[in-house]
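Comments concern the structure below.
The values are calculated or read from the model by the stated rules, or taken from the named source; none is laboratory data. Remember, predicted model here, so these are calculated numbers, not experimental data. Glycine gets a Cβ as well: all are built from the backbone with ideal geometry, and neighbour counts include every protein chain shown.
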Amino acid sequence: MRLLLLLLLFCCCSCNSALQNPSATPQIPGQVHTWWLILVSGFSASILFFIWKNLAGYNRIRWRQLWHIIVRQVGNEQHDLGVLALSLAILCWFVSGLFSLVPDPFIELLATSVCSSLNSGFLLLFLRHLDKEDLPANFSSYFPTRHTIWTVFIMVVLVTGTIAAGVHAVGLPNFAMLIPDLAFSLYTLYFIGFSFFYLLETRIKSVEIAVLSWAPIVITLLAEVFRLASFKQGGLSDPVLINLYETLLFSYKPLLIISYFVLIYSWQLKRINRKEMPPQTKPGRPAPDMVSADIQAGRQQYRLLGPKDWMILEALVRGEKTTAIAAAYPADFPNGAKGVDDRIGAIAREFQLSGQSQIKIVVTALKRGLLEYPK
């Protein structure tokens, strides 16, 4: 409530200054949009952070401990930190909004460009925590690794810094600092767009909602086009380009945030549907609810593994081959034995095993009490 009152007070002050100085009127929409995006981004990032904090079981968490978690665990498939990565990505928008209030255009563009690149890095880390079983194998296999994401981010920042030095020393145009971040953003939007489409279409069974998830991405691209065009016209001097860019910028970030929450809802809906409609089991295959409570408790520690993965392990411990598993569940594995092998690889990574040795995976699962010994 206090933040909303501060926003209204700022709007009133802006309007009064505009009445006294009519030449400043075109800047009012941009200032209001900036403050509104700061509030939306800060509020959304705080909600997601406290959701992750409660789910992770942290009563109190210090900044030094949080930095250790970010550096060591974000992107590590052993830890389900997708919500934390998404919270940090939205927090980058909050920080970028604060820097956009700086009157110096050079500092504003440099800081917002670095914040935007960091936002792209955290979004890619967030996408790594999606359920890959809902994505086509030929698409999910191209997801960048954690080390690739950080390496690309460092390269983008170095190139941006080099261009900024050229802007300051040689006199290059200011918008040149935006080009490295723009390339990184397009790379990120590619994965966001197709991931959202496949996930929502698979989980909610609605092509219309999946197509609507592309709307924020299209608006994002249009906003960047108008932004570059406005710089080409002489540094955000055209009021029409200013209003178009600020309106699109005002629209796409809240829409993207809503899309992230819809994606989280679809993940929860998928879990609910699995509980209400357990997969049909064939004779000799134990149903999920027949697994002992101790085994279920052990399996809950591996949040990235679903019922399909435990079914594969139960079949492997009985000595069945991947071709037989794929033939028994054609709906779950449309790619045949290759789909089963992909999930076995995911299980090996989750168990932190090198290679995809089925014997080693089964022995590890038995030792950790995740499977019943064959009778």
- Task: Tell me which residues, restricted to the range 337-362, are in contact (Cβ under 8 Å) with a residue 60 or more places away in the chain and outside any helix (DSSP H, G or I).
- Result: Gln352
- Task: Can you confirm whether the range 94-110 contains a residue that is of a type outside the set (Asp, Glu), outside any helix (DSSP H, G or I), under 24 Å from Ser259 (Cβ atoms) and in contact with a helix residue (DSSP H, G or I) (Cβ under 8 Å, 6 or more places away or on another chain)?
- Result: yes
- When you go through Val167, Val207 one by one, which is the residue that is modelled with pLDDT of 80 or more, under 30 Å from Gly306 (Cα atoms) and over 19 Å from the mean Cα position of the chain (by Cα)? Val207
- Among (1) surrounded by 20 or more Cβ atoms within 10 Å (Cβ to Cβ); (2) modelled with pLDDT under 90; (3) in a helix (DSSP H, G or I); (4) not hydrophobic (A, V, I, L, M, F, W, C), where does Ser120 come up short? (2)
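Yes/no matrix, rows are residues, columns are (1) assigned by TED's automatic domain parsing to the domain that holds Pro307; (2) within 21 Å of Leu304 (Cβ to Cβ); (3) without any contact (Cβ under 8 Å) to a residue 12 or more places away in the chain; (4) exposed (fewer than 15 other Cβ atoms within 10 Å of the Cβ):
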{"site": "Lys132", "(1), (2), (3), (4)": "no, yes, no, no"}
{"site": "Leu158", "(1), (2), (3), (4)": "no, no, yes, yes"}
{"site": "Leu199", "(1), (2), (3), (4)": "no, yes, no, no"}
{"site": "Ser213", "(1), (2), (3), (4)": "no, no, no, no"}
- Report the residue count in the range 321-336 for those that are loosely packed, with under 15 Cβ neighbours inside 10 Å and part of a loop (DSSP other than H, G, I, E, B). 6
- For the range 123-156, enumerate the residues that are part of a helix (DSSP H, G or I) and among the aromatic types (Phe, Trp, Tyr). Phe126, Phe139, Trp150, Phe153
- Item | Where a residue in the range 162-186 is in a loop (DSSP other than H, G, I, E, B) and its partner, wherever it lies, is surrounded by fewer than 17 Cβ atoms within 10 Å (Cβ to Cβ), with Cβ under 6 Å and at least six apart | Leu172/Gly166
- Message: Against the condition modelled with pLDDT under 80, over 20 Å from Leu200 (Cβ atoms) and surrounded by 16 or more Cβ atoms within 10 Å (Cβ to Cβ), how does Pro283 come out, does it pass?
- Response: no
- Message: Yes or no: the range 100-123 includes at least one residue that is β-branched (Val, Ile, Thr) and out of contact with any Ser or Thr (no Cβ under 7 Å at 6 or more places or on another chain).
- Response: yes
